[in-house]
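Notes to accompany the following structure.
Each reported figure results from applying straightforward, stated rules to the coordinates on display, with no laboratory input. Keep in mind it's a predicted model, so treat the numbers as computed, not measured. When we count neighbours, we look across all protein chains shown, and the Cβ atoms used for this are built from the backbone with ideal geometry, even at glycine.
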Amino acid sequence: MTSSLHPQWDFAREFRSIILRFVAFAILVANFLLGGNEGAEGTHSIVIVSYLAISIAAVATARYVPGRSWLKAFFVVLDALLVTLILYAHILAGR
């Protein structure tokens, strides 16, 4: 299915991507609320807000500026940096 906004918009693929981002965001929020990670609350809140902003930007660029592979790679790198930040916060909190 294509969109009237841009002919390269693949609805099914982008919808799956949006759902996966929503699930990851829900897991981040649940981990923040139920995790009990003393000392890492600040890092978790920064990551949650950052992930929400990155997800909105990724969905908007996929919707309105499709076909730019470097943007997709850029958002993957940002996601990986946030995962690294969360893991690092857990390592430091475990000390």
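Observations, loosely collected:
- Its Cα centre serving as origin, segment 11-93 has a Cβ charge dipole (Lys and Arg +1, Asp and Glu -1) of approximately 500 debye.
- Nitroxide proxy distance, nm - points 7 Å out along Cα→Cβ at I91 and I18: 3.6 nm
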